[in-house]
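Student: I'd like to ask some things about the structure below.
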Amino acid sequence: MNQNLYQYILGIADNSLILGQRMGALTGHGPSLETDIACTNISLDLFGQVRSYYQYAAKIAGDKRTEDDIAMLRPEREYVNVLLVEQPDTDFAYTMARQFLFDIYHFLFLTELQKSKDLTLSAIANKSIKEVSYHQRFSSDWIKRLGDGTEESHKRMQTAIDDLWRYTDELFHQTEADKAMVAEGIGVDVTTLKDTYYEKVAEVLEASTLEVPESKYFQKGGKQGVHTEHMGYILAELQYMQRAYPNMEW
Amino acid sequence: MSEEQIRNLETQFEERIARDEKIEPKDWMPEKYRKTHIRQISQHAHSEVVGMLPEGNWITRAPSLRRKVALLAKVQDEAGHGLYLYSACETLGISRDELYEQLHSGKAKYSSIFNYPTVTWADMGAIGWLVDGAAIINQVPLCNTSFGPYARAMVRVCKEESFHQRQGYEIMIKLMNGTQEQKDMAQDALNRWWWPSLMMLGPTDAESVHTEQSMKWKLKRKSNDDLRQQFIDQTVPQAELIGLVIPDPDLKWNEERGSYDFGEINWDEFWQVVKGHGPMNKERMKARVGAWEGGEWVRDAAMAYSEKQQERKEKQSASLKKEVS
């Protein structure tokens with residue numbers, strides 16, 4: 001088994017898994033029926049991507065592992081999503097800020113992943129980027145609406161952006177598996193996306209009358225499996241059935 | 001308009017319905033027709049939206065990725081049904097905000113079945129199979145109801161509901177083909193959802209207040225008791241096929257009627273839940289009202305933003321005009 005490739009796929013897929021789980025939890029509780037439907041849609045897209053990635057990872061693992069084993073039966077330390085996607089839905093501003101800060105990255109990332117030498121990964125990227133381009137538009141529009149809406153919404157949006165800002169830098173960190181995959185022409189060199197990312201984010205924030213945070217203190221750890229305290233609870237729900245009823249078909 | 005003119009209009013209106021013509025929002029209609037339709041369509045819309053909650057309860061805990069995706073899509077379909085039923089209702093001259101207000105204040109009802117808790121994964125199967133199954137039986141006749149927007153909405157709703165029903169039954173099949181624990185889980189879910197599903201088809205004909213007028217307007221084409229019998233006759237063989245036991249000791253095939261006889265329904269329980277004292281009434285309303293009130297600042301912001309955008313556009317085109325002149 002190509003351990004680096006396997007690990008690399010998890011690094012991509014776990015982000016979508018945890019963000020999809022977060023967005024899915026909001027179904028039925030959105031601020032309007034239309035946004036509810038849209039958020040569920042984003043969750044659906046992300047889980048669709050997750051399935052393609054994990055199915056591929058299971059194939060690479062070459063043992064009896066299934067997509068569900070990979071998704072639901074790892075200990076917390078083996079999930080390698082970035083800290084950003086596991087942050088809670090404090091309010092709708094946080095939900096949209098988290099989505100936006102991830103979407104801008106996700107779009108840039110998939111644009112590059114389409115050029116991967118690994119044909120499966122480039123095909124998944126090719127399919128996903130259409131969805132993510134919609135996510136990016138949706139979340140950017142909400143950043144503008146809330147940023148440039150009412151005094152209250154502006155304040156809430158700025159708070160959310162300020163608060164989540166510390167998790168953005170981690171998006172551009174490379175693990176050993178990442179580096180190995182970049183060297184083979186399979187992985188994306190995320191360090192090259194950083195400047196464009198912050199430019200694009202700033203562009204939307206400025207158009208939304210929001211301030212670009214200046215803080216240079218960032219948090220990291222997710223990519224090494226060291227998560228925030230929220231993660232355990234996300235996994236408790238995600239893994240509940242597989243843990244409580246092991247080895248069953250559903 | 002004189003009384004006689006109104007009587008004439010009413011006669012023509014009833015004749016149109018009798019000829020199976022569709023009534024459209026801009027057509028003249030008796031006030032009672034409008035009100036009855038607002039009540040029924042909004043009740044239906046509210047049921048879809050409140051109905052998202054018991055199933056939404058299992059999205060984060062679905063046992064596999066495939067099931068999670070299917071459940072998300074199903075609950076999303078319900079939101080979609082809510083959306084176009086509210087739209088159909090709005091054509092009768094009432095706003096969505098007013099309809100929400102009626103739901104949140106308890107003035108409008110929604111299907112009582114959603115006031116029961118979903119306590120195991122098997123409940124996702126039971127709800128799809130039984131609750132959507134009963135809903136289809138209620139709704140298929142409405143595809144030919146007299147009010148055009150409602151009839152058209154129903155055609156789409158029924159297609160999706162029938163997909164949900166198969167999906168729910170398939171969850172049950174999988175459980176019944178599984179371990180003893182899974183079989184027990186499925187049987188337990190059937191035990192809890194069977195009677196509320198029968199109640200879902202409404203009070204007995206003797207107790208039902210709206211039936212006669214609704215029949216004439218094709219808002220109702222079969223009586224509650226007939227629909228219930230149809231549901232039972234259709235569902236019992238499905239349960240037997242996969243080894244589930246209907247929790248009714250009095251259930252027996254009646255050769256003469258060509259139908260199942262069944263036991264007494266606990267109508268006290270039905271009325272208790274309808275009146276707001278079911279296991280989850282308070283929680284369901286709290287969740288709906290919470291989402292609405294918690295989302296107010298978001299909707300306000302969206303409105304303010306769109307007004308600002310409009311103003312900007314107007315200013316822009318005004319200055320453009322100036323330049324041109």
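Just so you know, all these numbers are worked out from the coordinates, no wet-lab data involved. Predicted, not measured: the structure shown is a model, and the values here were computed from it. With ideal geometry, Cβ positions are generated from the backbone for all residues, glycine too; neighbour counts draw on all protein chains shown.
Student: Among the residues of region B:140-165, which ones are of a type in the set (A, V, I, L, M, F, W, C) and part of a helix (DSSP H, G or I)?
Tutor: B:VAL140, B:LEU142, B:CYS143, B:ALA151, B:ALA153, B:MET154, B:VAL155, B:VAL157, B:CYS158, B:PHE163
Student: So, in region B:166-223, exactly how many residues are assigned to a helix (DSSP H, G or I), among the β-branched types (Val, Ile, Thr) and under 24 Å from B:GLN139 (Cα atoms)?
Tutor: 2
Student: For region B:212-234, indicate whether the set of residues that are closer than 30 Å to B:GLU10 by Cα, without any contact (Cβ under 8 Å) to a residue 12 or more places away in the chain and within 21 Å of the chain's Cα centre (by Cα) is non-empty.
Tutor: Within region B:212-234, one or more residues are closer than 30 Å to B:GLU10 by Cα, without any contact (Cβ under 8 Å) to a residue 12 or more places away in the chain and within 21 Å of the chain's Cα centre (by Cα).
Student: Take region A:76-91 and flag every residue that is assigned to a helix (DSSP H, G or I) and crowded, with 16+ Cβ neighbours inside 10 Å.
Tutor: Answer for region A:76-91, where residues must be assigned to a helix (DSSP H, G or I) and crowded, with 16+ Cβ neighbours inside 10 Å: A:LEU83, A:LEU84, A:VAL85, A:GLU86.
Quick grid of which residues meet (1) surrounded by 16 or more Cβ atoms within 10 Å (Cβ to Cβ); (2) among the aromatic types (Phe, Trp, Tyr):
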| site | (1), (2) |
| --- | --- |
| A:GLY187 | yes, no |
| A:VAL190 | yes, no |
| A:TYR197 | yes, yes |
| A:LYS200 | yes, no |
| A:GLU203 | no, no |
| A:GLU206 | no, no |
| A:GLU211 | no, no |
| A:GLY221 | no, no |
| A:LEU238 | yes, no |
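Student: So, A:ALA38, is that one touching a residue at least 12 places away in the same chain (Cβ under 8 Å), more than 9 Å from chain B (Cβ to nearest Cβ), more than 12 Å from the chain's Cα centre (by Cα) and closer than 28 Å to B:ALA301 by Cβ or not?
Tutor: It is true that A:ALA38 is touching a residue at least 12 places away in the same chain (Cβ under 8 Å), more than 9 Å from chain B (Cβ to nearest Cβ), more than 12 Å from the chain's Cα centre (by Cα) and closer than 28 Å to B:ALA301 by Cβ.
Student: Kindly establish whether A:GLY48 is under 20 Å from A:ILE129 (Cβ atoms), among the small types (Gly, Ala, Ser) and within 11 Å of the chain's Cα centre (by Cα).
Tutor: No.
Student: I'd like the full set of residues that are touching a residue at least 12 places away in the same chain (Cβ under 8 Å) and either at positive phi or over 15 Å from the mean Cα position of the chain (by Cα) (or both), limited to region B:64-98.
Tutor: Selection gives B:ARG67, B:ALA70, B:LEU71, B:LEU72, B:THR91, B:LEU92, B:GLY93, B:ILE94.
Student: Going by what's in this entry, would A:GLU229 be described as within 30 Å of B:GLN309 (Cα to Cα) and either facing chain B (nearest Cβ under 9 Å) or among the charged types (D, E, K, R) (or both)?
Tutor: Taking the combined requirement at face value, the residue does not satisfy it.
Student: Among (1) at the interface with chain A (Cβ under 8 Å from one of its Cβ atoms); (2) in contact with a Ser or Thr (Cβ under 7 Å, 6 or more places away or on another chain), where does B:TYR305 come up short?
Tutor: With respect to (1) at the interface with chain A (Cβ under 8 Å from one of its Cβ atoms); (2) in contact with a Ser or Thr (Cβ under 7 Å, 6 or more places away or on another chain), B:TYR305 is out only on (2).
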